[in-house]
Amino acid sequence: MSQLLNQVAVVTGAGRGIGQSIALKLAAAGADLVCVDLKPEANQETADQVAALGRKAWMYGANVSDAAQVDAVAEKILADVGKVDILVNNAGITRDTLLMRMTEADWDLVLDINLKGTFLFTKAFTRAFLKQRSGRIINIASVIGLMGNAGQCNYGASKAGVIGFTKCVARELASRSITANAIAPGFIQTAMTDKLPEEARKALQTQIPLQSLGLPDDVAEAVLFFASPGARYITGQVLAVDGGLAM
Ligand SMILES: NC(=O)c1ccc[n+]([C@@H]2O[C@H](COP(=O)([O-])OP(=O)(O)OC[C@H]3O[C@@H](n4cnc5c(N)ncnc54)[C@H](O)[C@@H]3O)[C@@H](O)[C@H]2O)c1
């Protein structure tokens with residue numbers, strides 16, 4: 001498959017989990033990959049697998065919540081690579097606890113990485129997208145931003161924020177043929193959900209119409225769709241990849 005041939009995709013949080021699957025899916029479709037994670041070397045495994053697929057891979061380190069680091073890395077990416085066609089804002093964290101126990105630090109950290117990080121990275125590439133009159137922005141939100149969940153006030157607020165941000169960006173950039181869409185994964189098997197106790201996992205599965213947790217690859221398929229030529233007329237949308245959980 002080569003529908004993304006000659007395209008460059010930036011994926012944040014590309015070192016593992018959903019971000020790694022997204023990077024490999026886009027590379028398998030022909031894209032060259034800019035892998036960003038907290039440290040450049042955190043991307044090594046992903047970059048090796050991208051290279052094994054015959055695509056180019058670059059590795060960068062940046063904390064997505066730090067404006068100075070984001071601006072510096074975006075400038076370096078554009079200088080080293082020359083252009084960016086697809087931006088996937090995937091880096092994210094959880095700091096789950098009940099509202100009564102949630103500290104200001106728990107709130108700030110999750111909002112800073114999940115929401116501000118998405119804003120900073122999107123802003124950093126917007127000038128380039130505007131100039132080239134094209135661009136695909138794909139933000140990884142969560143069903144928790146649509147339906148809520150006890151113990152995840154900070155996370156749910158950050159992901160609802162990502163959805164609102166995506167729609168505003170979609171409206172603002174549409175006249176230059178730049179699209180912005182969000183994906184709302186449900187419960188996907190990664191290090192993030194491995195932390196769940198076995199009982200909580202079993203209880204969750206009973207609420208999912210398709211009766212199992214999703215795979216990182218299920219999310220990556222949706223990203224590939226939004227990045228592909230076939231999605232050129234779709235913007236401002238939120239696609240749940242959740243086994244029917246949030247319908
Ligand atoms: N796993 C799920 O069930 C699930 C469900 C819904 C949404 N999501 C979202 O999908 C995305 C990826 O989740 P995952 O499960 O693969 O998580 P993960 O913890 O397995 O991977 C996250 C990656 O992001 C990187 N990262 C974290 N903070 C960063 C920062 N400040 N700057 C740069 N990189 C940073 C980590 O180093 C890691 O490589 C997140 O946005 C998450 O909220 C996950």
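The table for this structure:
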quantity: Condition check for ALA91: within 24 Å of VAL162 (Cα to Cα), modelled with pLDDT of 95 or more, among the small types (Gly, Ala, Ser) and within 15 Å of the chain's Cα centre (by Cα); calculated: yes
quantity: Residue among ARG136, ARG127 that alone is at pLDDT 95 or above, surrounded by fewer than 16 Cβ atoms within 10 Å (Cβ to Cβ) and of a type outside the set (A, V, I, L, M); calculated: ARG127
quantity: Helices (runs of 4 or more DSSP H) wholly inside the range 156-247 containing at least 2 residues that are crowded, with 21+ Cβ neighbours inside 10 Å and not charged (D, E, K, R); calculated: 216-227
quantity: The range 4-17 residues that are over 25 Å from ILE93 (Cα atoms), paired with ones that are of a type in the set (S, T, N, Q) and away from the ligand (no atom under 12 Å from the Cβ) (beta carbon under 9 Å, 6 or more apart); calculated: LEU4/SER228
quantity: Flag for GLY214 being modelled with pLDDT of 95 or more and either among the polar types (S, T, N, Q) or within 10 Å of the ligand (Cβ to nearest atom) (or both); calculated: yes
quantity: Residue pairs meeting the criteria (Cβ under 6 Å; at least 6 apart or on separate chains; first under 14 Å from ALA124 (Cβ atoms), in the range 84-100; second part of a loop (DSSP other than H, G, I, E, B)); calculated: ALA91/GLY13; ALA91/VAL64
quantity: Residue match in the range 4-24 (condition: crowded, with 24+ Cβ neighbours inside 10 Å, away from the ligand (no atom under 16 Å from the Cβ) and not charged (D, E, K, R)); calculated: yes
quantity: Enumerated helices (runs of 4 or more DSSP H) restricted to the range 31-141, each holding at least 2 residues that are basic (Lys, Arg) and either more than 14 Å from the ligand (Cβ to nearest atom) or in contact with a strand residue (DSSP E or B) (Cβ under 6 Å, 6 or more places away or on another chain) (or both); calculated: 117-132
quantity: Candidate set from the range 173-209 (those that are free of Cβ contacts under 8 Å to residues at least 60 places away in the same chain and in contact with a Gly (Cβ under 6 Å, 6 or more places away or on another chain)); member that is farthest from the ligand (Cβ to nearest atom); calculated: ILE178
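The values are calculated or read from the model by the stated rules, or taken from the named source; none is laboratory data. Only a predicted model underlies this, so the values are computations on that prediction, with no experimental measurement involved. Here the Cβ is made from the backbone with ideal geometry for all residues, glycine too, and neighbour counts use every protein chain on show.
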